[in-house]
Structure formats: structure tokens, C-alpha cells
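Below: one structure, written as C-alpha cells.
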Ligand code: SF4
């Protein structure tokens, strides 16, 4: 008898849950609500909110809008977005996650105190990273991976931060490399700004993935933390597949399988994991 288990620890983090709740509350008031960028890296949840009336816009679209309400999602925004809102008389519904907000403030404070080499370990062009770089008037240096740490100037002070969803292990490797190469006259400080809502899921998800013959990781392909978590599943259980929804389940995967684990990223809605479970049971 095939057993299917949904991981209790998977699903939206509190930052995303709060942003969606704020959007729903505003939409219930019946007024037009715009959201700057996808509210969550999950196409199906975006579609559900679109059906409720949420209109997703780009930064270019926002420039054309006046006297409206725009929701800022959990990833946060650079100061330029707030300035644009002020100029266009746009009311901001700020759903920036408090963890991201704190990180933005820390970087801004550091930049305002001493305009030193601020380095962010994060994905170039990611909304959260753009929000962080914006705190330094665009001067922060972004490194995407361990290899890129070699491009830093080790003769100058380095203040290292991390995008909230990056891997802790890689962050620690970067710290070690800088410690080994920094000039004696330069200062190096690192700040562990990785969100535990994601980091704590790593040990949990790897335990979960080892318990099952097959793992279905449900997640939008654009999600950063989804990639990190899915790679962990793959590492401990090569029979892991990333799917965006039940329609991507391949019945070939179910051959000689007794237990299936369904899990997902912080941006994966629970209802979607349940739909995948129901689809599996039908198969
Ligand atoms: S992953 Fe962490 S920092 Fe990012 S939105 Fe969720 S709770 Fe906030």
C-alpha cells in the first residue's frame, strides 16, 4: 500500500504568510490593489490572488501610476521605490518581512557610518538583494558564490552580509576565505543575516527526504530558497523531483515505490501540496 506524507515543516514562512494576509485584507475592502512584483515565487498562489483582484506590476508600470495603493512584498524594496511612491502620491502597503527590514537597516547604518566595502552574499538581480544594495546607493558588491569571493579587494575593510535565503555552509566558507586573505591593516566583519526560517528547514528536510523512497518537492522554479532546499533533498535522496504542481507528476516515478514524501519551499502553499497528494492517491 502506497504511503504519502506531507512534510509538516514545509510551506510559507511567516514573512510570506503576513504579506499574503495583508493583500487579502486590502482586497476585501474592494479597492484596486497593485503588487510590485510577484507576491510569492509560486505561480499558482499568484493566480489565486489575481482571481481575488490583485494586479501585479513591474517597476516600470509603477512609474505610470498615480494616487493608487501598491503593496510591497516580503522581499523589500530599495529607497528609490519609496521615493517614487511619494512623488506619484502612491499609498504603500508595506509587507516587507521584518527580518529583511532589519537587514536593510543594518546595512544602511553601516554605509552611513563608514562608506567601506559592503559585500552581500546573494543572487544578483534578486528583489531582496536589490533592496539591500539600494541602502548603499548602489555601491555594495554582490557575490553569488564562493568562487566570486576572490574578486574582493582584501586591502580594504570588508563588511559582509548575506541575503536571508542563502546557504549557511557557503557563507561560512566565504568568511573563512576572507579571514585568510584580508590584509593585516584592514578590518573584516561578517554578519550572519541568514533567515532561520529557511536555515532550520535544511536539517528537517534532509531527515524527511531520507525517510521516503520518492520525494516530490513542490515549488515555483524561480524560488531561491526552493533551490537550496531542493538541492538538499537531492543530496540525501537522488530520487527527488521538483514539480510546480500535480500536473507535472510522472507516473513512471511511482514504479517500485512504497513511500512518497511531499515537501516544498517557504513559498509553497499547503493547499498545493495537498493537491499533489490527492493526485498521487488517484494514480
Ligand atoms: S524567508 Fe525569512 S526573511 Fe524571507 S520572507 Fe520568509 S521569514 Fe522573511
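The values are calculated or read from the model by the stated rules, or taken from the named source; none is laboratory data. Being a predicted model, the structure only gives us computed values, none of them experimental. Ideal geometry is used to build each Cβ from the backbone, glycine not excepted, and the neighbour counts take in all protein chains shown.
Within the span defined as the range 60-68, every residue fails to be under 22 Å from residue 228 (Cα atoms) and outside the structural domain of residue 245 (by TED's automatic domain parsing). For the range 211-253, residues that are assigned to a helix (DSSP H, G or I), closer than 18 Å to residue 8 by Cα and in contact with a strand residue (DSSP E or B) (Cβ under 6 Å, 6 or more places away or on another chain) total 2. Restrict the check to the range 137-145 and report whether at least one residue is in the same structural domain as residue 185 (by TED's automatic domain parsing), in contact (Cβ under 8 Å) with a residue 40 or more places away in the chain and not in a strand (DSSP E or B). No, the range 137-145 contains no residue that is in the same structural domain as residue 185 (by TED's automatic domain parsing), in contact (Cβ under 8 Å) with a residue 40 or more places away in the chain and not in a strand (DSSP E or B).
One residue alone among 124, 189 is surrounded by fewer than 16 Cβ atoms within 10 Å (Cβ to Cβ) and in a strand (DSSP E or B), and that residue is 189.
Here residue 80 does not qualify as in contact with a helix residue (DSSP H, G or I) (Cβ under 8 Å, 6 or more places away or on another chain), within 16 Å of the ligand (Cβ to nearest atom) and either part of a helix (DSSP H, G or I) or over 30 Å from residue 246 (Cα atoms) (or both).
Taken over the range 153-174, the criterion of being at pLDDT 95 or above and surrounded by 19 or more Cβ atoms within 10 Å (Cβ to Cβ) is satisfied by 158, 159, 160, 161, 162, 163, 171, 174. Counting only helices (runs of 4 or more DSSP H) that fall entirely inside the range 13-68 and contain at least 1 residues that are surrounded by fewer than 16 Cβ atoms within 10 Å (Cβ to Cβ), within 16 Å of the ligand (Cβ to nearest atom) and in contact (Cβ under 8 Å) with a residue 12 or more places away in the chain, the qualifying elements are 14-28.
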